[in-house]
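Participant: Here's a structure for you.
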Amino acid sequence: MPDSPTDLVIDTPFESALSERYLVYALSTITARSLPDVRDGLKPVHRRLLWAMRLLKLDPSGGYKKSARVVGDVIGKYHPHGDQSVYDAMVRLSQDWALRYPLVDGQGNFGNIDGDNAAAYRYTEARLTRVAAALMAGLDEGTVDYKATYNGEEEEPEVFPGLFPNLLANGASGIAVGMATSIPPHNVTELADAAIHLIDNPAAEDRALLDFVGGPDFPTGGVLVDAKETIAQAYATGRGSFRLRARIEKVVEKGGGWHLLVTEIPYGVQKGRLIEAIAGLIGDKKLPILADVRDESAEDLRIILEPRSRTVDAALLEESLYKMTELEVRFPLNLNVLDKHRTPGVMSLKQALLAWLAFQIEVLLNRSRTRIGKIDERLELLDGFLIAFLNLDRVIEIIRTEDEPKLVMIAEFAISDRQAEAILNLRLRSLRRLEEMEIAKEREKLAKEKAELAALVESPVKQRNRLKRDLAAMREAFGDERRTRIGAVAAAHREIDWSQMIEKEPITVILSQRGWIRAMKGHVAEGEGDSLKFREGDGLARLFHAQTTDKLLLAAEDGRVFTLAGDRLPGGRGFGEPVRLSIDLAGEVDIVALMVVRADTKLLVASSDGRGFLTSGAAVLAETRKGKQLVNLKPGAKVAVVKRVAANADAVAVIGENRKMLVFPLSELPEMARGQGVTLQRYRDGGLADVTTLVAAEGLSWAQGGEAKRTRTEQDLTPWRAARGAAGRMPPLGFPRSNRFSGGN
């Protein structure tokens, strides 16, 4: 014992101590938990589950046993982890909608595709399937190595040797430290054909395998709609994703009506959650062309989607459902596995198949060599028996007269200790003449089998031919029809007019001076704006009519623009909500404009330093919360005006804070999607006050104010006409002292 406890303290940098321990943890997670082995496609927990069930003799032709018994053996002998995690793994191995070829045959409630959980393990029972038995075939034939369990009391196989491509047939998913894996399931018939092709053509290109493996084959079916080139690229690199859709058909009813029938949903999608999501879209009126969703599923899957009316475009409804629900998903491909040296790495489809075939050749050789060894042992005993029969009288005499008969027989007949022991253990009934003939026949048969096995071990050609025959037999035993249909090369997504997804209703948009926004149902008269209620100290800033299908442009003085949806504005009851809750707009930044905008809308944008440009509605639409930067401002400048370009406008009128006005042709302004713009008017003092567009032949009009709301028009604009960028001159008599043209946003 140390003299002091401090003698046990190891002085080491914290960084190195942490990194060493974390590396050990990371390697343990990668190799012993999360990544499957390329040889049998299993993680340790799955391998230990199946091994424990095999030792419990839960054969496919036998009876079931309680799942609790299996889980108890697994966590007690092989896998010291939580019982629930082990049972969850076992449940997944039994679900035919989760695994393409289930490895556990469950009896009782093992969950369902709706997303309901399995019953507790004390209520359910299980046994192995034929696939699992095939995967473990050969464990007693010296095909693979065994290792001690975690406590050293028992042994478990390092890998399963059976001729079944479980890695690709059932797929795998897992998240380790710094890496993950995601492998979709495939069709065994296709995998067997591809493997046979690789045996004959090991140098075949990755793309050649697509003639056999068309793509993933999910247990829940569906339609794979990726282009063949996309699938080929994913399999060649081991990374990518597959676009999977539900199988939907249009069913025409008597009387001319119709509905959509969903018979297959994408892999990994819970039916109950999917139906709830579709019902939510209907309830929230986000998909008004859909009227109802019904679940009529029994043993087969049937989801009925009723359109709002028979005039709805079925293709539009189907495409909308793909975009807005999990009727279309993307399944990732990340073929990250452990190779035979337990080293993680991403493989292509060809590399994974070649690694599996190389392992099966190794299994074949190990089985053959083990069998040869057992034949040699049996031949040794048979040779001893033949010697005993040829010298039967002398053998009987030695046994009756000698004190150490074994040693005497070894010396007299030149036999081994095993042979002498076997002779001494012979029963008297075996000394008959017929038994001698049987031994001779058995010896001849075993000698022939040994010769064939020896030739197999020495000949790679024979090994490949044997493996091809075994693969054909495996395909015959477990092969089936493809469930996931490979669609034609998918064209680009159909562009959806999302306004059709919203019920078109009139609204009145109200923005207060402090930035509170709301939408009242119907079109409130302009004069009623004064009677609207606002918070104390707040008032009306903007009021205009719109539709729920409209997109609203909000322009801020810092040059950013945002898009608000008319159907998502706060209701007209109360004071509304701060618009800054919907967009990332700083509190100190003022709102310059709020208006209805469409893709073909033409806008005039101007900043306080007298620069401006034309832009389009398509350029200012920004669906994200952060919006987009429209105007690149110089230091100290801000956006002053954002206005629609007047119909048939051909001129621009601009007035500065110095009360000088300038008129120039609209054609002198460039149209830009983003930028600083060009100089509209030159100022010695101050900046831009207002700008507008007009039809020059009609003159410039402005409101005179007062209750009469009269306007005045200046027909002759010649005194103010000049080139863009000029200083301008004083406006006409009677022009408002506010330096603002008539007309708002």
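The values are calculated or read from the model by the stated rules, or taken from the named source; none is laboratory data. This one's a predicted model, so the numbers in the text were calculated from it and none came from an experiment. Using ideal geometry, Cβ is built from the backbone for each residue, glycine included, and neighbour counts are taken over all protein chains shown.
Participant: How do the strands (runs of 3 or more DSSP E) wholly within segment 303-421 filter down when requiring 3 or more residues that are in contact with a His (Cβ under 8 Å, 6 or more places away or on another chain) and in contact (Cβ under 8 Å) with a residue 12 or more places away in the chain: which remain? Can you show your working first?
Facilitator: Values: elements: 303-307, 328-334, 336-338, 344-346.
By residue number, 303-307.
Participant: Pairs please, first residue from segment 428-447 and within 18 Å of residue 372 (Cα to Cα), second anywhere and modelled with pLDDT of 75 or more and of a type in the set (Lys, Arg), Cβ atoms under 7 Å, 6+ apart in sequence or on different chains.
Facilitator: As it stands, the answer is 446/378, since those pairs meet every condition given.
Participant: Suppose we filter segment 100-136 for residues that are in contact with a Pro (Cβ under 9 Å, 6 or more places away or on another chain) and either among the basic types (Lys, Arg) or modelled with pLDDT under 95 (or both); how many remain?
Facilitator: Here the count works out to 3.
Participant: So, one more: I'd like the residue in segment 110-159 that is among the basic types (Lys, Arg) and farther than 28 Å from residue 373 by Cβ and, out of all such residues, is surrounded by the fewest Cβ atoms within 10 Å (Cβ to Cβ).
Facilitator: Of segment 110-159, the ones among the basic types (Lys, Arg) are 122, 127, 130, 147.
Subset that is farther than 28 Å from residue 373 by Cβ: 122, 127, 130.
Working: 122: 10, 127: 23, 130: 16.
Top of the filtered list is 122.
Participant: To continue, here is another question. Check whether at least one residue in segment 284-297 is hydroxyl-bearing (Ser, Thr, Tyr), touching a helix residue (DSSP H, G or I) at 6+ places or on another chain (Cβ under 6 Å) and either crowded, with 16+ Cβ neighbours inside 10 Å or farther than 30 Å from residue 458 by Cβ (or both), and report yes or no.
Facilitator: Looking only at segment 284-297, we keep the residues that are hydroxyl-bearing (Ser, Thr, Tyr), and these are 297.
If we keep only those that are touching a helix residue (DSSP H, G or I) at 6+ places or on another chain (Cβ under 6 Å) too, we end up with none.
No, segment 284-297 contains no residue that is hydroxyl-bearing (Ser, Thr, Tyr), touching a helix residue (DSSP H, G or I) at 6+ places or on another chain (Cβ under 6 Å) and either crowded, with 16+ Cβ neighbours inside 10 Å or farther than 30 Å from residue 458 by Cβ (or both).
Participant: So, in segment 95-148, how many residues would count as being in a loop (DSSP other than H, G, I, E, B) and either more than 26 Å from the chain's Cα centre (by Cα) or over 29 Å from residue 297 (Cβ atoms) (or both)? Spell out the reasoning first.
Facilitator: Restricting attention to segment 95-148, the residues satisfying the condition of being in a loop (DSSP other than H, G, I, E, B) are 95-103, 108-124, 129, 136-145.
Subsequent filtering for residues that are either more than 26 Å from the chain's Cα centre (by Cα) or over 29 Å from residue 297 (Cβ atoms) (or both) retains 108-109, 119-124, 129, 136-145.
Looking only at that region, the number is 19.
Participant: I'm trying to understand the selection: among the residues of segment 113-150, which are without any contact (Cβ under 8 Å) to a residue 24 or more places away in the chain and among the polar types (S, T, N, Q)?
Facilitator: Passing the criteria: only 117.
Participant: Please go through (1) closer than 22 Å to residue 593 by Cβ; (2) surrounded by 17 or more Cβ atoms within 10 Å (Cβ to Cβ) for residue 738 and return the number of the only condition it doesn't satisfy.
Facilitator: In the conditions (1) closer than 22 Å to residue 593 by Cβ; (2) surrounded by 17 or more Cβ atoms within 10 Å (Cβ to Cβ), residue 738 misses (2) alone.
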